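Derivation of every value follows stated rules applied to the coordinates shown; laboratory data play no part. Remember, predicted model here, so these are calculated numbers, not experimental data. No Cβ is skipped: glycine too gets one built from the backbone with ideal geometry, and neighbour counts run over all protein chains shown.
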2 protein chains.
Amino acid sequence: MSILADHGGLRILPLLGVPEVGPGDDLLRLLGDALAALGGLESGDVLVVAQKVVSKAEGRIERTDDYQGVILREARSVRRQRGELVIAETAHGFVCASAGVDRSNAPEEGTVVLLPVDPDASARSLRDGLSVRFGLAPAVIVSDSFGRAWRQGTTDVAIGLAGLEPLLDLRGTSDRRGYRLQSTLVAVADELAGAAELVMGKARGVPAALVRGFDPPAGEGSARDLIMPAERDLFP
Amino acid sequence: MSILADHGGLRILPLLGVPEVGPGDDLLRLLGDALAALGGLESGDVLVVAQKVVSKAEGRIERTDDYQGVILREARSVRRQRGELVIAETAHGFVCASAGVDRSNAPEEGTVVLLPVDPDASARSLRDGLSVRFGLAPAVIVSDSFGRAWRQGTTDVAIGLAGLEPLLDLRGTSDRRGYRLQSTLVAVADELAGAAELVMGKARGVPAALVRGFDPPAGEGSARDLIMPAERDLFP
């Protein structure tokens, strides 16, 4: 612990022992039990929860034999299409593959998992419930694996959040030389989601992770703050 | 330590005490000294080093009164332009703002910092030198802050690397239900770079961080593996 305490490092702890989650399951209790097994919460903790378990607990599962049809229905607009690959804007405004409709990790063959209707509200509900149980409210991020333009592979990003500001604004700060920094906004919520993915993995049954020691920018931001406004979107 | 050992968590440790780096400085020695102060290396460690200090040590600094001209010279192609904002493909194939030419954090007014000529080689050189000093070779990532399409804010990504595979290939693995996973490639090198940024910050003078406990996919990959091939790039 001394190296961590001396050096201000982070810890990223997987939440283990969470059983398979289904519609109506009490996700708050399941995650709370796993947190209790880690010794509870500390000030500045960020809990990152995979979208899939949030969606399943909220019953966002649909039986369908028309996967493409569900994607097109969930999409506000289709940005690109090539074969089965559809890059679409979701109702929330996120741009991602298949409008977030997921056929892997669905509970049964012939079903798909949809994004939560309001992922910020999902995060806020978990934050509020954990606050009641532990007497301390963690920042909460709901994360999903998104592809990117120009780069191979997915990284996890924040699609819902509560109890933090997702962007660290460096406007007005200066580097060592006093030059005003050009890249002024850091998407710390996305970096936190990606960091958590490193311990959550994809198929290992770890649906959440705790980031300890970061102490995120305080505030009541929304994952929608991470969406590029249409008038500044150079890749519509 | 018991929670970490029991739960397989990660630690992300900032490298502190590294002085301002300039052309010709022995970055290997400076980072090695900071690592020694952390107690040296452990098996599976990933060292993430900010591009800016790599570029400065390699003398990739240019005096100019024509910032836009340097950007256009460094760019293989310009993807979008709006006012002073130029989204360009670098000679390496990365798509980012200003073709990676950075006027903040430059050593003096009127100078700019360019990307390393071969960031993989920069990473490999650090890896090899640290291996000689510590008897253990860490994976090394050279990171930079890139903006993204559709999302606000930058996240740090890998622009050079040595001693790991940047993409974790889940093709052929199955989720709990036996369904073949759709999103099959995870860009773990980018997630590692983003995680490191959380402790490195932008203006705090911490040019590197150590990620301990992840044990990245072994291999001799390249950051170029992270570049979307032109024939699959839907946002040219």
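Can you give the calculated 222 nm mean residue ellipticity of chain A, where each DSSP H run of n ≥ 4 adds -39,500 (n - 2.57) and the sum is split over every residue, rounded to the nearest 500 deg cm²/dmol? The partial results should precede the final answer.
On the way: 6 runs with 61 residues, N = 236.
After summing the helix terms and dividing by residue count, I get -7500 deg cm²/dmol.
Does the range A:22-88 come out rounded, prolate or oblate by the C-alpha gyration tensor, with a ≥ b ≥ c the root eigenvalues, rounded set by a/c under 1.5 and, if not, prolate when a/b is larger than b/c and oblate if not? Please report the intermediate quantities before stating the final value.
On the way: a/c = 4.20, a/b = 2.16, b/c = 1.95.
Judged from the Cα gyration tensor, the range A:22-88 comes out prolate (a/c at least 1.5, a/b above b/c).
Under a Cβ-only charge scheme (Lys and Arg +1, Asp and Glu -1), can you give me the dipole magnitude of chain B about the Cα centre, in debye to the nearest 20?
On the way: 26 positive and 33 negative charges, 129 e Å.
It works out to roughly 620 debye.
Please list log₁₀ I(q)/I(0) at q = 0.16 Å⁻¹ for the range A:1-141, using the Debye equation with identical point scatterers on the alpha-carbon positions.
-0.90
May I ask you to evaluate 6.51 cos²θ - 1.76 cosθ + 1.60, the Karplus curve with θ = phi - 60°, for each residue of the range A:49-61 and list the ³J(HN,Hα) values in order in whole Hz, giving x for glycine and proline?
With the stated coefficients, the range A:49-61 comes to 10, 5, 3, 4, 6, 5, 4, 5, 4, 8, x, 7, 10 Hz.
Contour minus end-to-end for residue A:26 and residue A:111, with contour as 0.36 nm per residue of separation and end-to-end as the Cα-Cα distance? Walk me through the intermediate numbers first.
Working: separation 85, 0.36 × 85 = 30.60 nm, distance 2.13 nm.
Value of the extension gain: 28.5 nm.
Explain nothing, just the number: dipole magnitude of the protein assembly as shown about its Cα centre with +1 on each Lys and Arg Cβ and -1 on each Asp and Glu Cβ, in debye rounded to the nearest 20.
Working: 52 positive and 66 negative charges, 86 e Å.
Charge dipole of the protein assembly as shown: 420 debye, to the nearest 20.
Could you point to the residue in B:111, B:208, B:78 farthest towards the positive end of chain B's charge dipole, with +1 and -1 charges on the Cβ of Lys/Arg and Asp/Glu respectively?
Projecting each Cα onto the dipole axis, the largest value belongs to B:78.
What base-10 log of the normalised intensity I(q)/I(0) is obtained for the protein assembly as shown from the Debye formula, alpha carbons as equal point scatterers, at q = 0.07, 0.11, 0.14 Å⁻¹?
For the protein assembly as shown, the Cα-only Debye profile gives -0.34, -0.86, -1.42.
At residue B:82, label 7 Å along Cα→Cβ: distances to the other copies, nm, ascending?
So the label point of residue B:82 gives 2.3 nm to the other copies.
Counting pairs of alpha carbon atoms under 8 Å apart in space and at least six apart in sequence, what relative contact order in percent does the range A:57-133 give?
Working: 100 pairs, mean separation 21.2, N = 77.
27 percent.
Determine the shielding of peptide A:140-152 by partner chains: average, over its residues, the number of Cβ atoms on other chains within 10 angstrom of each Cβ. Can you show the working numbers first?
On the way: counts 0, 0, 0, 0, 1, 5, 4, 5, 13, 10, 17, 14, 12.
Across the residues of A:140-152, the mean count of other-chain Cβ atoms within 10 Å is 6.
In debye, nearest 20: dipole of the range B:1-119 around its Cα centre with unit charges on the Cβ of K, R (+) and D, E (-)? Present the calculation step by step, with values, prior to reporting the outcome.
Numbers: 12 positive and 18 negative charges, 94 e Å.
Roughly 460 debye, rounded to the nearest 20.
In what sequence, highest mean first, do B:118-129, B:214-225, B:90-101, B:69-80 appear when ranked by Cβ atoms within 10 angstrom?
Highest-to-lowest ranking by the protection proxy: B:90-101, B:118-129, B:214-225, B:69-80.
How far apart are the residue B:36 label points across copies, placing each 7 Å from Cα toward Cβ, in nm, shortest first?
Going from nearest to farthest copy, the values are 4.9 nm.
Could you tell me, in Å, what Rg and Dmax come out for the Cα atoms of the range A:104-164?
Expressed in Å, the Cα Rg and Dmax of the range A:104-164 come to 14.7, 44.
Treat each spin label as a single point 7 Å out from the Cα along the C-beta direction, and report the residue B:76 to residue A:37 distance in nm.
4.7 nm
How compact and how long is chain B, expressed as Rg and Dmax of its alpha-carbon atoms in Å?
Spelled out, the Cα radius of gyration and Dmax of chain B are 18.3, 60 Å.
Shielding of B:102-111 by partners, i.e. mean partner chain Cβ atoms within 10 Å per residue? It would help to have the intermediate numbers written out before the result.
Numbers: counts 3, 4, 10, 7, 3, 3, 2, 3, 0, 1.
Taking the mean over all residues of the peptide, I get 4.
Tell me the distances, shortest first, between residue B:224 and the same position across the other copies, using label points 7 Å along Cα→Cβ, in nm to one decimal.
Result for residue B:224, in nm, nearest copy first: 4.4.
Counting pairs of alpha carbon atoms under 8 Å apart in space and at least six apart in sequence, what relative contact order in percent does chain B give?
On the way: 466 pairs, mean separation 61.2, N = 236.
Relative CO of chain B lands at 26 percent.
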